[in-house]
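Q: After the structure tokens below, expect a handful of questions from me.
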């Protein structure tokens, strides 16, 4: 269901995967550009990232996941440089969604995790102009 209310600092956002397709952009190419040097060596291109088996450490469930996304989450996201203070706010927000498996977050939650700017500034970045990296309110239309 689409929300017709104006987003607030408590509204939930996520990476809208359909936005990437509608814009004619390839999310996998973008993900590739965020790999650390060690992981980059394992991926000649975004095409060289088949599905891999991943075991959820909490419940032991085995799931097939994208190898590229998995490398980002299991290695690159763990490095301090992934969300460093030198990273632009828009890029840091994109990387935060990658790191948390694209679970919806509000501007307040983003601020709490990044400790940068304030929720109001983060909200303005997310709703003004074009959607950076396809970060959009949950339930919004393309």
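Q: I need the full set of residues from region 78-120 which are free of Cβ contacts under 8 Å to residues at least 12 places away in the same chain and surrounded by fewer than 15 Cβ atoms within 10 Å (Cβ to Cβ), in order please.
A: 78, 80, 84, 86, 88, 112, 115, 118
Q: Here's a follow-up. So which pairs qualify, if the first residue must be in region 121-142 and in contact (Cβ under 8 Å) with a residue 24 or more places away in the chain and on the phi > 0 side of the Ramachandran plot, the second must be surrounded by fewer than 20 Cβ atoms within 10 Å (Cβ to Cβ) and in a loop (DSSP other than H, G, I, E, B), the Cβ gap must be under 7 Å, and the two must be at least 6 apart or on different chains?
A: 139/1; 139/2; 139/3
Q: I've got another one for you. When the residues of region 78-110 are filtered to those that are in a loop (DSSP other than H, G, I, E, B) and in contact with a strand residue (DSSP E or B) (Cβ under 9 Å, 6 or more places away or on another chain), which remaining residue is nearest to residue 124 (Cα to Cα)?
A: Restricting attention to region 78-110, the residues satisfying the condition of being in a loop (DSSP other than H, G, I, E, B) are 79, 84-88, 100-104.
Among the residues that remain, those that are also in contact with a strand residue (DSSP E or B) (Cβ under 9 Å, 6 or more places away or on another chain) are: 102-104.
Numbers: 102: 20, 103: 20, 104: 17 Å.
By that ranking, first place goes to 104.
Q: Can you tell me which condition residue 18 does not meet? The list is (1) more than 18 Å from residue 99 (Cβ to Cβ); (2) modelled with pLDDT under 75, and all the others hold.
A: So the condition that residue 18 fails would be (2).
Q: Only residues that are touching a helix residue (DSSP H, G or I) at 6+ places or on another chain (Cβ under 7 Å) and modelled with pLDDT under 90: list them for region 78-100, please.
A: Answer for region 78-100, where residues must be touching a helix residue (DSSP H, G or I) at 6+ places or on another chain (Cβ under 7 Å) and modelled with pLDDT under 90: just 83.
Q: A follow-up question, please. Sort out which residues of region 31-77 are exposed (fewer than 11 other Cβ atoms within 10 Å of the Cβ), modelled with pLDDT of 80 or more, touching a strand residue (DSSP E or B) at 6+ places or on another chain (Cβ under 9 Å) and not in a loop (DSSP other than H, G, I, E, B), and write them in order of number.
A: Of everything in region 31-77, just one residue is exposed (fewer than 11 other Cβ atoms within 10 Å of the Cβ), modelled with pLDDT of 80 or more, touching a strand residue (DSSP E or B) at 6+ places or on another chain (Cβ under 9 Å) and not in a loop (DSSP other than H, G, I, E, B), namely 62.
The values are calculated or read from the model by the stated rules, or taken from the named source; none is laboratory data. Here the structure is a predicted model, which is why all the values come from computation and not from measurement. Quick reminder, even Gly has a Cβ in these numbers, built from the backbone with ideal geometry, and neighbours come from all protein chains shown.
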